[in-house]
Amino acid sequence: MGAFKETVDGMKIILVVGARPNFMKIAPILEAIELHNEKGRRPKMDPILVHTGQHYDHTMSDSFFEDLGLPRPDINLEVGSGSHAEQTGKVMMAFEPILQRERPDLVLVVGDVNSTLACTLTAKKLNIAVAHVEAGLRSGDMTMPEEINRKATDAIADFLFTTDRIADAHLVKEGIPNNRIFFEGNVMIDTLVKHRERSKQSTILETLGLRNGQGLHPYAVLTLHRPSNVDEPGTLSRICEALQEISLRLPVIFPCHPRTRARLDQFGLGDCFDGDSSRMRLISPLGYLDFLQLNSQASVILTDSGGIQEEATILGIPCLTLRENTERPITVTQGTNRLVGNKKETILKGVEWAMGQAGGTPQRPEKWDGRAAERIVERLAQIDRMNSAKFSREDSADWAPRNAAVLSRPPFQPSDLLSSRTPR
Ligand code: UD1
């Protein structure tokens, strides 16, 4: 980044999305870039949206583009499903020629999915700077594929944007210099803040019979897709037992991830949701607005997702995380989240706790204020301006950029000066 500034004005950024939890993180960043350009701020930014195609079903991908008003991806790599190695490898192979053709100044990745790591590796091997948004989250659980993706991405990315100070501390502990870490807040919450009002127009509660002339009927929301919960028949069956018991007290609404649905069928557990359909309701994955509305009125949310722990905190809804650990501890210390693992007894105890919670005013962690994307974009612009200034100096001896990518290669490589960037 910055290396092009002598010949070309502007900053070409490839933004990567791959899987469902990426869409709500990229949407506000794209909007902030648009705003930055509209206001005539420098450098002008030229975003390219790349979808790796890790998630491809309408309910897992397209419906989010519609709900969030995301533009159609400029490029879709269409890699689809596969083993971890296969999926990561396919993304890398498909992404490399895109980078060679587009020669961006920066690749921006979010979250911790396989696409995040694959695109980071590919870009860094071509000496292209990478910004990682939602850096520094750590569960300490190396059996989670996401933990591997997080650690590997953060080890080589240049600009690490964090959601809280605990994440900053993890990065520092791992030896990342302070000048690569930027605590700017939570972009997922930007999206929640922006769409909360609009989500109230969703009719999902009426469609599911949870709200009618008599008012709102209490219910629980469930999401479950982590391999540690759904890939082993004994574990999934015990979770189902707990859910059946909960459903005697509260209907359980379960927008079901495709991998979980496949496992339920494979393990012969589908029946568990086929009894009284009003008490244990397995439904297709919901779009962003319907899901936000469903969550915001729930009595309790049971989940093994990462982002939902954060959303529940802002919504002030008690959240039971069916895991032994979380990479988002701030949702426990400052939010509504409790770790209950995947044993029947602890899940049921958690529900007891949740039902006893009176809806107080939810706490809002620092910089979870709806403006994180704006700060990230302005920070990137500032870094770019700094590097451009350094590049234009005659005397480069005292040149000390914050940008590790620029540091890692000699300034003014012939390839930089000769490169012609493809206009879009
Ligand atoms: C991925 C992320 C996880 C994130 C989750 C959100 C990794 C390692 N995991 O997990 O962090 O919380 O997305 O959903 O990147 N499938 C479909 N249609 C789709 C997508 C997936 O049917 O559109 C099925 C396929 O059978 C696929 C399986 O779901 O094999 C798993 O999909 P995959 O993207 O590998 O992982 P997720 O479990 O979705």
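The values are calculated or read from the model by the stated rules, or taken from the named source; none is laboratory data. Predicted model, so just to flag it, every value in this text is computed and none were measured. Here Cβ is always computed from backbone atoms with ideal geometry, including for glycine, and neighbour counts include all displayed protein chains.
So the values come out like this:
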| quantity | calculated |
| --- | --- |
| Selection within region 279-289 - touching a residue at least 60 places away in the same chain (Cβ under 8 Å) and within 16 Å of the ligand (Cβ to nearest atom) | ILE283, SER284, PRO285, LEU286, GLY287, TYR288 |
| ARG259 being within 13 Å of the ligand (Cβ to nearest atom), free of Cβ contacts under 8 Å to residues at least 60 places away in the same chain and surrounded by fewer than 22 Cβ atoms within 10 Å (Cβ to Cβ) | yes |
| Odd one out for SER305 among (1) of a type in the set (Gly, Ala, Ser); (2) closer than 18 Å to THR260 by Cβ; (3) surrounded by 24 or more Cβ atoms within 10 Å (Cβ to Cβ) | (3) |
| Wholly within region 254-339, helices (runs of 4 or more DSSP H) carrying at least 2 residues that are among the hydroxyl-bearing types (Ser, Thr, Tyr) and within 24 Å of ARG150 (Cβ to Cβ) | 330-333 |
| Test result for ILE308, under 23 Å from GLY111 (Cβ atoms), within 15 Å of the ligand (Cβ to nearest atom) and hydrophobic (A, V, I, L, M, F, W, C) | yes |
| Any chance GLU86 is out of contact with any Gly (no Cβ under 9 Å at 6 or more places or on another chain), charged (D, E, K, R) and within 14 Å of the ligand (Cβ to nearest atom) | yes |
| Test: GLU352 is surrounded by fewer than 21 Cβ atoms within 10 Å (Cβ to Cβ), among the acidic types (Asp, Glu) and not in a helix (DSSP H, G or I) | no |
| Residue that is nearest to THR260 (Cα to Cα), among those in region 53-79 that are more than 10 Å from the ligand (Cβ to nearest atom) and assigned to a loop (DSSP other than H, G, I, E, B) | GLU78 |
| Residue match in region 15-25 (condition: more than 22 Å from LEU117 (Cα to Cα), in a helix (DSSP H, G or I) and either more than 11 Å from the ligand (Cβ to nearest atom) or out of contact with any strand residue (DSSP E or B) (no Cβ under 9 Å at 6 or more places or on another chain) (or both)) | no |
| Any pair with Cβ under 6 angstrom, 6 or more apart, that starts in region 63-90 at a residue that is more than 23 Å from PRO104 (Cβ to Cβ) and ends at one that is away from the ligand (no atom under 11 Å from the Cβ) and part of a loop (DSSP other than H, G, I, E, B) | SER63/GLY287; ASP67/GLY287 |
| Some residue of region 104-125 being within 20 Å of PRO28 (Cβ to Cβ), within 16 Å of the ligand (Cβ to nearest atom), surrounded by 19 or more Cβ atoms within 10 Å (Cβ to Cβ) and of a type in the set (Ser, Thr, Tyr) | yes |
| Test for VAL133: is it within 16 Å of the ligand (Cβ to nearest atom), out of contact with any His (no Cβ under 7 Å at 6 or more places or on another chain) and at pLDDT 95 or above | yes |
| GLU66 out of contact with any helix residue (DSSP H, G or I) (no Cβ under 6 Å at 6 or more places or on another chain) and either among the acidic types (Asp, Glu) or buried (at least 20 other Cβ atoms within 10 Å of the Cβ) (or both) | yes |
| Filter result (more than 20 Å from the chain's Cα centre (by Cα) and over 20 Å from ARG180 (Cα atoms)) within region 93-140 | MET93, ALA94, GLU96, PRO97, ILE98, LEU99, GLN100, ARG101, GLU102, ARG103 |
| Selection count, region 188-229, where residues are assigned to a helix (DSSP H, G or I), under 22 Å from GLN309 (Cβ atoms) and either of a type in the set (Ser, Thr, Tyr) or at pLDDT below 95 (or both) | 3 |
| Search result, residues across region 194-253 that are farther than 21 Å from THR346 by Cα and either within 16 Å of the ligand (Cβ to nearest atom) or polar (S, T, N, Q) (or both) | SER199, GLN201, SER202, THR203, THR207, ASN212, GLN214 |
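Residues checked against (1) within 15 Å of the ligand (Cβ to nearest atom); (2) modelled with pLDDT under 95; (3) under 30 Å from GLY140 (Cβ atoms); (4) under 22 Å from the mean Cα position of the chain (by Cα):
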{"residue": "ARG263", "(1), (2), (3), (4)": "yes, no, yes, no"}
{"residue": "GLY270", "(1), (2), (3), (4)": "no, yes, no, no"}
{"residue": "SER277", "(1), (2), (3), (4)": "no, yes, no, no"}
{"residue": "GLN297", "(1), (2), (3), (4)": "no, no, no, no"}
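Let's see how each residue does on (1) among the hydrophobic types (A, V, I, L, M, F, W, C); (2) in contact with a strand residue (DSSP E or B) (Cβ under 7 Å, 6 or more places away or on another chain):
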position: SER247; (1), (2): no, yes
position: PHE254; (1), (2): yes, yes
position: PRO258; (1), (2): no, no
position: PHE267; (1), (2): yes, no
position: SER278; (1), (2): no, no
position: ARG281; (1), (2): no, yes
position: ASN295; (1), (2): no, yes
position: ALA298; (1), (2): yes, yes
position: ALA312; (1), (2): yes, yes
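Yes/no matrix, rows are residues, columns are (1) farther than 19 Å from GLU366 by Cα; (2) at pLDDT 95 or above; (3) within 16 Å of the ligand (Cβ to nearest atom):
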| residue | (1), (2), (3) |
| --- | --- |
| MET142 | yes, yes, yes |
| ILE148 | yes, yes, yes |
| ALA152 | yes, yes, yes |
| ALA167 | no, yes, no |
| LEU171 | no, yes, no |
| GLU174 | yes, yes, no |
